[in-house]
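To keep things clear, I will list the structure first and then write my remarks on it.
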Amino acid sequence: TGAPFYAFGDNNIAPTAITIDGTRHRVPAKPYKEGKELPEHVVRELRRGYLASVAFLDVQVGRVLDQVDNLHLANDTVIIFTSDHGYGIGERGHWGKGSLYEIDARVPLIVRDPHHRHMWGRSTNALVELVDLYKSVIDLAHLPFGRHMYQWLEGRSWRSIVETGQGGNSHALTIVPKCHGKKY
């Protein structure tokens, strides 16, 4: 026995197989069908590996925040943390990316703005999209040319949400390509 070995495909993102105790288990690229489930110990190990990577990233973000504080930059630094949605770890039989389920449509977004400390640690149900990020960064940085410069860009600034927790979009668009590995 030994530590599990994760094999990654061409995208180098989601594991395509895992070897546990000498047995190789292929991770389904598409949601599996009834009767094709992975053994429970394989599911448990895949989830454990994924959650360990999330925990590792959490520690690294904490280190960045600590360094911002140690350098006395916290009073004039807006910090925005976001990422992609990660990959499914067996929810509804889905392993990988590319579904319209909430786990694939939502991404984390954390903002720490020193001008609005009353909002630190609070959450909101306001709906924003990543297309809004560029305008929001310009607005949160209080750039003098900001509001005039980006009128032709898509998206809306979510500065008002950072300030009050209110506002946001009424809807969002999620698109999933149906090519599933076909090359064009």
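The values are calculated or read from the model by the stated rules, or taken from the named source; none is laboratory data. Note that the structure is predicted; figures quoted are calculated from it, not measured. All Cβ positions, glycine included, derive from the backbone under ideal geometry; neighbour counts span all protein chains shown. Please note that ligands, DNA and RNA were not included when accessible areas were found on the heavy atoms of the full protein model with its side chains. Shrake-Rupley method; radii C 1.70, N 1.55, O 1.52, S 1.80 Å.
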Nonlocal amide H pairs with H25, under 5 Å, H built at 1.01 Å
I18, T19, I20
Value of relative contact order over the stretch 41-184, rounded to a whole percent, pairs C-alpha under 8 Å and six or more apart
21
Over the stretch 25-129, what number does the Rg to Rh ratio reach, with both radii from the alpha-carbon atoms and Rh per Kirkwood?
1.09
Sort S136, S53, S157 by accessible area with a 1.4 Å probe, largest first.
S53, S157, S136
For the stretch 71-130, with all protein chains present and a 1.4 Å probe, just round the carbon and sulfur fraction of the accessible area to a whole percent.
54
Charge sum, other residues only, whose C-beta stays under 12 Å from L73's C-beta, Lys/Arg counted +1 and Asp/Glu -1:
-2
